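A quick write-up on the structure given underneath.
Each reported figure results from applying straightforward, stated rules to the coordinates on display, with no laboratory input. From a predicted model like this one, the values you see are computed outputs, not experimental measurements.
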Amino acid sequence: MNNKERVRPDLSGKPVWFPLAAVVMISLLLVGCDVLTCDETAQRSASAASEGISTVRIISEAGDLDVQGQPNLTEVDAEGTACASNTSDLDDIQFEVSTSGSEMVIEARTSGGNTQFDVMVTVPDSVVVEIEDGSGDVDVGDVAGVRITDGSGDVDVAGVSGDVVVGDDGSGDLDLSDVAGTVDIGVDGSGNITVADVAGDVRIGSDGSGSIRVTNVEGDFEVGDDGSGDISHSGVGGTVDIPNN
């Protein structure tokens with residue numbers, strides 16, 4: 001197949017703004033140089049029946065998040081390690097699970113400040129996972145679809161039978177692979193983007209800084225705006241439309 005590549009001219013004469021990245025940087029400055037100390041730790045767990053559930057939404061404020069799909073599950077299980085500098089804050093770190101129609105919501109609550117909640121959630125591989133993540137790494141695998149909003153930390157997604165949508169990503173690397181649908185990245189503040197083995201299109205709206213590497217995409221590949229960092233691609237079956245920096 002003959003690919004068509006259209007490289008758009010550099011529009012560097014206009015300023016480029018990255019609101020989410022700026023918010024993340026300001027937040028880090030406000031926090032200062034506090035270092036998390038796990039003087040107190042505790043294990044937390046929660047589970048709920050998954051019958052009739054097609055979407056699992058996970059809200060993670062601070063800490064690493066690991067979400068994995070498994071076949072033939074009849075419930076959603078959440079386990080986590082709570083970490084705080086004192087027992088009062090530790091007691092506030094809990095799971096809160098609710099359902100509304102076909103959606104289940106799992107909130108990994110922290111008390112803010114010097115606390116962290118590392119969480120692993122196991123879901124049926126037939127559900128779509130929606131993630132709202134504040135800080136910490138995110139790892140997702142073997143689910144029907146993924147939608148992510150991420151403040152900071154690396155994001156690794158693999159083995160998705162549907163679409164992957166990253167609405168906003170503040171900072172950290174994005175690694176997305178083995179996707180049967182499309183990949184749509186709205187705004188990426190900073191960090192490298194790696195996308196591989198996608199059956200549909202790959203669209204990146206705006207990238208602040210960091211390299212973009214795309215390989216083995218059966219559909220089109222498009223980048224809207226790119227602040228800094230090189231763009232490379234190979235094995236794209238459709239049209240390539242990228243800016244010329």
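Evaluating 6.51 cos²θ - 1.76 cosθ + 1.60 at θ = phi - 60° for every residue in the range 148-160, the Karplus couplings come out as 10, 10, 10, x, 8, x, 6, 10, 10, 10, 8, x, 10 Hz, glycine and proline recorded as x. Each 5 Å bin from 0 upward holds the following percent of the Cα-Cα pairs of the range 166-245: 4, 16, 33, 27, 16, 3, 0. Here's how it looks for THR194: its modeled amide H is under 5 Å from those of LEU174, ASP175, LEU176, ARG213, which are all 5 or more places away or on a different chain.
Across the range 158-201, the mean sequence separation of Cα contacts (distance under 8 Å, 6 or more residues apart), normalised by length, yields a relative contact order of 43 percent.
Taking amide H positions as modeled 1.01 Å from N, with prolines and chain starts lacking one, the residues under 5 Å from VAL127 and 5 or more places away or on another chain are ALA144. Counting every C-alpha pair in the range 141-208, the share spaced more than 14 angstrom apart comes to 50%. Residues in the range 74-86 carry Karplus couplings, in order, of 10, 8, 9, 10, 10, 10, x, 10, 8, 9, 8, 8, 8 Hz; the curve used is 6.51 cos²θ - 1.76 cosθ + 1.60 with θ = phi - 60°, and Gly or Pro positions show x. In order along the range 58-73, the phi-based Karplus estimate (6.51 cos²θ - 1.76 cosθ + 1.60, θ = phi - 60°) of 3J(HN,Hα) comes to 10, 10, 10, 7, 8, x, 6, 10, 10, 10, 10, x, 9, x, 6, 7 Hz; Gly and Pro are listed as x. Expressed as a fraction of 2.2 N^0.38 Å, the C-alpha radius of gyration for the range 37-124 is 1.11. With the biggest extent put first, the Cα atoms of the range 76-131 measure 39, 19, 15 Å across the principal axes.
Between LEU65 and VAL119, ASP137, VAL138, ASP139, the built amide H atoms are under 5 Å apart, and every one of these is 5 or more places off in sequence or on another chain. Normalised by 2.2 N^0.38 Å, where N counts its residues, the alpha-carbon radius of gyration of the range 68-163 equals 1.13.
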